[in-house]
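Here the structure is laid out as structure tokens; the discussion comes afterwards.
Only the coordinates and a few stated rules stand behind these numbers; no lab work does. Nothing here was measured: the structure is a model prediction, and the numbers come from that model. When we count neighbours, we look across all protein chains shown, and the Cβ atoms used for this are built from the backbone with ideal geometry, even at glycine.
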Amino acid sequence: MLSDGEIVPGCNVENASYGLTNCAERTAMFAAIARGRTDFAAMVIYVEVEQHIFPCGACRQVLFELAPDIPVFMTNKHKKTIETTPRKLLPNAFDSKNLPK
């Protein structure tokens, strides 16, 4: 979700070469960026299963770099929700401060 309440949907984009698959979290963020938007307000990860699904490592890194403190809500099919942030999901994250100047 963007700062004005607009929802930018994402979905997994699967590929036979699993490393080339793109997760829904990154798809949504990249779609917003492609439209010139970087004012992220929240991320909701909804899954139609019993357990909660947390973002993969690649998604955690992208979320951290683009919006480290937004609320991230993981919601399962029973509408039970866990709230966290990219910063909590990826402590000691690699970011631009780690790059040489």
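What is the magnitude of the charge dipole of the range 36-101 about its Cα centre, with +1 placed on the Cβ of each Lys and Arg, -1 on the Cβ of each Asp and Glu, and no other charges, expressed in debye to the nearest 20? Please report the intermediate quantities before stating the final value.
Working: 9 positive and 7 negative charges, 19 e Å.
The calculated dipole for the range 36-101 is roughly 100 debye.
Which shape class, rounded, prolate or oblate, goes with the chain when its Cα gyration tensor gives a ≥ b ≥ c as root eigenvalues, a/c under 1.5 marks rounded, and past that a/b bigger than b/c marks prolate? Let's see the in-between values first.
Working: a/c = 1.33, a/b = 1.26, b/c = 1.05.
Rounded.
Considering only the other residues whose Cβ falls under 14 Å of the Cβ of LYS88, what net charge follows from Lys and Arg at +1 and Asp and Glu at -1? Display every interim value, and only then the final one.
Working: positive: ARG60, ARG87; negative: ASP69, GLU83.
Result for the local shell: 0.
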- Item | Degrees separating the helix 24-34 axis from the principal Cα axis of the chain, which is the longest one | 50 degrees
- Task: Report ³J(HN,Hα) in whole Hz for each residue of the range 78-88, in order, from the Karplus equation J = 6.51 cos²θ - 1.76 cosθ + 1.60 where θ = phi - 60°; Gly and Pro get x.
- Result: 8, 6, 7, 10, 10, 10, 8, 9, x, 4, 6
- Percent of beta bridges antiparallel (DSSP, the chain, rounded to nearest 5): 60 percent
- Message: Output the 0 to 90 degree angle, nearest 10, between the alpha-carbon long axis of helix 57-66 and the longest principal axis computed from the alpha carbons of the chain.
- Response: 60 degrees
- Global form of the range 57-101, assessed from the alpha-carbon gyration tensor, a/c cut-off 1.5: prolate
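Let me know the longest stretch in the chain that avoids all GluC sites (Glu not before Pro) found in a DSSP loop with at most 11 other C-beta atoms within 10 Å.
Values: sites that count: GLU14, GLU48, GLU50.
Between the exposed loop sites, the longest stretch runs 51-101.
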- Would you mind calculating the relative contact order of the range 18-98 from Cα pairs under 8 angstrom and at least 6 residues apart, reporting the percent as a whole number? 28 percent
